[in-house]
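The structure appears right after this line, and notes come after that.
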Amino acid sequence: MANDQPTESPDSQPEKPPWYSEGLRFECTACGDCCSGPPGFVWVEQKEIAALAEHLGMAVDEFEGRYVRQVGPDKSLIEYPDGDCIFLDRESRKCSVYAARPTQCRTWPFWDSNLATRKDWKWACEVCPGSGRGQLYSFEEIEIRRKSRPF
């Protein structure tokens, strides 16, 4: 009788679950820290540009001309000269487009760079007062956010 069960070679090991398989805590404190700091990139795709334009009551072309820069083949939101996001309200330190914010912003802190090791997550917790606190996100919820980033 044939055995339909997959066989493992003597050298194969079961895949070890990621270190965060029991979940991680995060609760946005709306401090604005992730929207400020040294210059960088907030990558946006065309559908996000359209959503942001609609949120602001602007035509897509007008929005792109005012708030988007081309970086090679990709697009990023522009920033203030100090690196702060163009949509970070300077007085309240709140996101002025929070409801329509790009995927990059929606998925913080569940980025590959923060999840690679426990040490990387510890760094995220040191720079973000909401990381490591608040709501417990399951492994599945983390993976949905991590994998939704187009970059």
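General remarks:
- Helix-derived mean residue ellipticity, 222 nm - over the chain, DSSP H n ≥ 4, -39500 (n - 2.57), to 500: -7500 deg cm²/dmol
- Straight Cα distances below 20 angstrom link residue 122 to the aspartates and glutamates 22, 27, 33, 112, 141, 143, with same-chain residues fewer than 8 positions distant left out.
- Largest GNM mean-square fluctuation across 72, 130, 23, computed for the chain with C-alpha springs under 10 Å, falls on 72.
- A straight chain from residue 78 to residue 96 at 0.36 nm per residue would run longer than the Cα-Cα distance by 5.1 nm.
- When all alpha carbon pairs of the chain are counted in 5 Å bins from zero, the resulting P(r) reads 2, 8, 15, 18, 17, 13, 10, 6, 4, 3, 3, 2, 1, 0, 0 %.
Each reported figure results from applying straightforward, stated rules to the coordinates on display, with no laboratory input. These numbers were taken from a predicted model, which means no experiment stands behind them.
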